[in-house]
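Undergrad: There's a structure below that I have some questions on.
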Amino acid sequence: MNNVSLIGRLTSDPELRHTQSGVAMTRFTVAVDRRVRAGEEKQADFISVTAWQQRAEFVCKYFSKGNRIALTGSIRTGSYTDRDGNKRYTTDVWADNIEFCESKRDSSSSYGNSYGGESDSYSRQSYRQDSAPAPSYSSGDTGDFVDMPTDEDLPF
């Protein structure tokens, strides 16, 4: 199974490019914090990500350097020969699903960047390949939902 899930921050503004046949694409790097022990210095991995078509347009339109981003995708490896004739190997994550991880308010107050999106700090916008309309939630009637049991109610 080749599944990758990442949450991190963009290291630079993504730039929209087009292939010779006109397909939109972008490459960007996501800084993902590593888990460290207490007292250790923070560390991050810098993961190269490629997005195609509408996902590329979405990232370039709504994200900028420093914004938190969540994405899922798959690892793709490749190789090429550089100008000096040396064989180079690449590893990228190809994004299938991209989501906001913070509100516009949180983003603009922390980094001075704005990416459009909802102003509610709990909202999440995303783009999926099979984009279906997002469900609408309200604070009204809870219908058939039942309260979750507490620890005392569990039989074990």
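The values are calculated or read from the model by the stated rules, or taken from the named source; none is laboratory data. This is a predicted model, so every value here is computed, not measured. Ideal geometry is used to build each Cβ from the backbone, glycine not excepted, and the neighbour counts take in all protein chains shown. All accessible areas refer to the heavy atoms of the entire protein, side chains included, with ligands and DNA or RNA removed. Shrake-Rupley method; radii C 1.70, N 1.55, O 1.52, S 1.80 Å.
Undergrad: Filtering segment 49-77 down to residues that are surrounded by 13 or more Cβ atoms within 10 Å (Cβ to Cβ) and of a type in the set (S, T, N, Q), which residue is farthest from residue 29 (Cα to Cα)?
TA: 54
Undergrad: List every residue pair whose Cβ atoms lie under 8 Å apart, where the two residues are 6 or more positions apart in sequence or sit on different chains, the first residue falls within segment 43-69 and is without any contact (Cβ under 8 Å) to a residue 40 or more places away in the chain, and the second residue, located anywhere, is assigned to a strand (DSSP E or B) and open to solvent by 90 Å² or more (accessible area, probe 1.4 Å).
TA: 43/33; 44/33
Undergrad: Could I ask something else about it? Taking only segment 19-48 into account, find how many residues are modelled with pLDDT under 95, surrounded by fewer than 11 Cβ atoms within 10 Å (Cβ to Cβ) and either among the charged types (D, E, K, R) or not in a loop (DSSP other than H, G, I, E, B) (or both).
TA: 6
Undergrad: Another question, then. What do you reckon, is residue 91 within 26 Å of residue 20 (Cβ to Cβ), open to solvent by 50 Å² or more (accessible area, probe 1.4 Å) and part of a strand (DSSP E or B)?
TA: Numbers: within 26 Å of residue 20 (Cβ to Cβ): yes; open to solvent by 50 Å² or more (accessible area, probe 1.4 Å): yes; part of a strand (DSSP E or B): yes.
So residue 91 fits the description; yes.
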